[in-house]
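Structure, as structure tokens:
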Amino acid sequence: MTAPLDVLVVGGGPTGLALAAQLRTYGTSFRIVDRSLDRVRESRALAIQPRTLEMLAGFGVTDELIACGNPAVELRMHLPRRVVRMPLFDIGLADTAYPFLLFLSQAETERILSEHLAGQGVTVERGTELARLERTGTSVSCRLRNIDGAEETVVARYVVGCDGAHSTVRAQAGIGFQGYSYPQTFLLADLEVDGLEPGAVHTYMSGAGMLLFFPLGSPATWRMLAMRPPNAPDTEVGLRLLQDTADEYTEDRLVLRDPVWMTDFRLHNRGAAHYRSGPFFLAGDAAHIHSPAGAQGMNTGIQDALNLGWKLALVCRGAAPENLLETYEAERTPVGRSVLRFTDRAFTLGTSGNPVIRFARTRLAPRLAPLALRASGPRGRVFRTVSELGIHYRRSPATVAGPQLPRRGPRAGDRLPDLPSGLQARTAGPGWHLLLSGPPALWSGELLASVVRGRDDLISVHRLGQESPWPAVAHGLVRPDGYLGYVARGADLERLRAYLDRWLPPQRR
Ligand SMILES: Cc1cc2nc3c(=O)[nH]c(=O)nc-3n(C[C@H](O)[C@H](O)[C@H](O)COP(=O)(O)OP(=O)(O)OC[C@H]3O[C@@H](n4cnc5c(N)ncnc54)[C@H](O)[C@@H]3O)c2cc1C
């Protein structure tokens, strides 16, 4: 039996890696295990959303992700007699340093996160499987089995299941995973294509469904995704089948070659009934699986992890009350449910054989596309949703609006925008960040000192001038995940003190 841990992270995919990075930042005692001997080498998830790039910037990995990736700025809808070009993320994203969808294979994302962890002295223990969990009083006894058959029992205060769609943690915690499987089978390939303009996402629509090409860059120039034609021979996926499928949609205009990875797979839409049960938490694919429409899966998982990690870290070090952990489920289940709904609608529109939906896809969409291009308001809202910048926790108990609100600017529960630019970099360090907006002299003195006292190792104070997101005297407290926990107009800090006393009580030294 080894020394008790604060947290056991099960699964070293993108979700587990992001969680480990955050726990490491706070010095939490944890281990991260993965049953597979190597990390993922296939591309799988292929895009990183702006909000994920923002959140990973705190670990210093975002520049490398961008350097290795491939931003796509345009969608080209190939219609029967013309091509409609639609700019991607050109509107509604003025408050981020990363206003683009970054195409990068999941293998590369995992490599960069793993190397970051290794640089921090964290090793993912590979070839180590979680076999069984048992609650023992206030902790959990975790049976780990090594690939060589050796077994070990680890005692942990909390266990986080980042162990994917077939989660052992979810099963052992007795948490349901409701939903359904789609009847269609999909073809996926990373390959070269002659006849496609680079730098854009290309879509082709027909009564049969949709064919998409994404500018992946590496390990091949293009990712192809299409519904397997119902009349296709029931053979293994090969270049012939891919070419025949592409021909059905493109009238023989494209030549496919040099596939690096080809597979077929079924899609599902399922969500965990709870994201927490006592000491067990679920994050990423263990909590939600859905169609890849909108490139939300891996991004949602990483953001689950970064919502949970700091809460576990602060509770484990005794700096926050246990009930802070309840806010994980309160904040992340609505996000997960909305992703399940949104991806299901997009998927149904793109693939359904229902005559009405087929008509909408093949006849209406081509007519509506130019109008949609001109309607900047709705387009901006769609980009805001897909980019995950629009996620907020305004209804969470861990976000509170002050008695008076600033007339403009972000509210409690919103993400801190990067407007004025540089604001996020200023508040990227670990811990909470108190932003004070207005004449600096207003904020000196005993009142401010008394609010921060006893928790000063976890709060950084920033006096903002022109770079404030609020137009007048105001104060806001940024949580460790970059969302505003408290916002109020004016300089009366008493309600802020009450908020802090609840979530970050002063420590006696
Ligand atoms: C073929 C395919 C194509 C995909 N394409 C896309 C796409 O185009 N776009 C998109 O957004 N997403 C796509 N995805 C989904 C994307 O890969 C997932 O959303 C993402 O990997 C989720 O990350 P995760 O860390 O939550 O889970 P995973 O990546 O599944 O990682 C879970 C880890 O847990 C480990 N594990 C499982 N059980 C145990 C255990 N008992 N003990 C120890 N370790 C365990 C596994 O070995 C694995 O490494 C695709 C997935 C597949 C399989």
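Miscellaneous remarks
- Here the 3J(HN,Hα) profile of region 139-149, calculated from phi with Karplus coefficients 6.51, -1.76 and 1.60 at θ = phi - 60°, is 9, 10, 9, 10, 8, 10, 10, 7, 4, 7, x Hz, Gly and Pro shown as x.
- In nm, spacing of pseudo-spin labels at His166 and Arg253 (7 Å Cα→C-beta vector): 4.1 nm
- Accessible surface of the chain [probe 1.4 Å, protein heavy atoms]: carbon and sulfur percent: 52 percent
- A Cβ-based charge dipole, computed about the Cα centre of the chain with Lys and Arg at +1 and Asp and Glu at -1, lands at about 1860 debye.
- Inter-centroid distance (Cα atoms) of region 202-247 relative to region 138-180, Å: 36 Å
- Around Thr28: net Lys/Arg minus Asp/Glu count, Cβ-Cβ under 13 Å: +4
- On the beta carbon distance between Leu371 and Glu115, with R0 = 60 Å, the FRET formula returns roughly 0.85.
- Here, the chain is characterised by an Rg to Rh ratio of 0.99, where Rg is the alpha-carbon radius of gyration and Rh the Kirkwood radius.
- Enclosed volume per residue, in Å³, of the convex hull spanned by Cα atoms of region 400-503: 86 Å³
- Taking label positions 7 Å along the Cα-Cβ direction at both Asp244 and Arg508, the computed distance is 7.7 nm, reported to one decimal.
- Shape of region 316-414, Cα gyration tensor, a/c cut at 1.5: oblate
- A helix-only calculation puts the chain at -9000 deg cm²/dmol for mean residue ellipticity at 222 nm, using -39500 (n - 2.57) for each DSSP H run of at least four residues, averaged over all residues.
- Surface exposure of the chain, expressed per residue as accessible area with a 1.4 Å probe, stands at 42 Å².
- When the square roots of the Cα gyration tensor eigenvalues are ordered a ≥ b ≥ c, the ratio a/c for region 23-64 is 1.5 or more and a/b does not exceed b/c, which makes its shape oblate.
- Positive-end extreme of charge dipole, region 400-503 - chosen from Ser437, Ala401, Gly422 (charges on Cβ): Ala401
- For region 99-115, 3J(HN,Hα) per residue [Karplus equation, 6.51 cos²θ - 1.76 cosθ + 1.60, θ = phi - 60°, Hz, x = Gly/Pro]: x, 7, 8, 9, 7, 7, 5, 4, 4, 5, 4, 5, 4, 5, 5, 5, 5
The values are calculated or read from the model by the stated rules, or taken from the named source; none is laboratory data. What you see is a predicted model; the values in this text were computed from it and never measured. Please note: Cβ atoms are built from the backbone with ideal geometry, for glycine as well, and neighbour counts cover all protein chains shown. Protein only, heavy atoms only, side chains kept; ligands, DNA and RNA dropped before computing areas. Shrake-Rupley method; radii C 1.70, N 1.55, O 1.52, S 1.80 Å.
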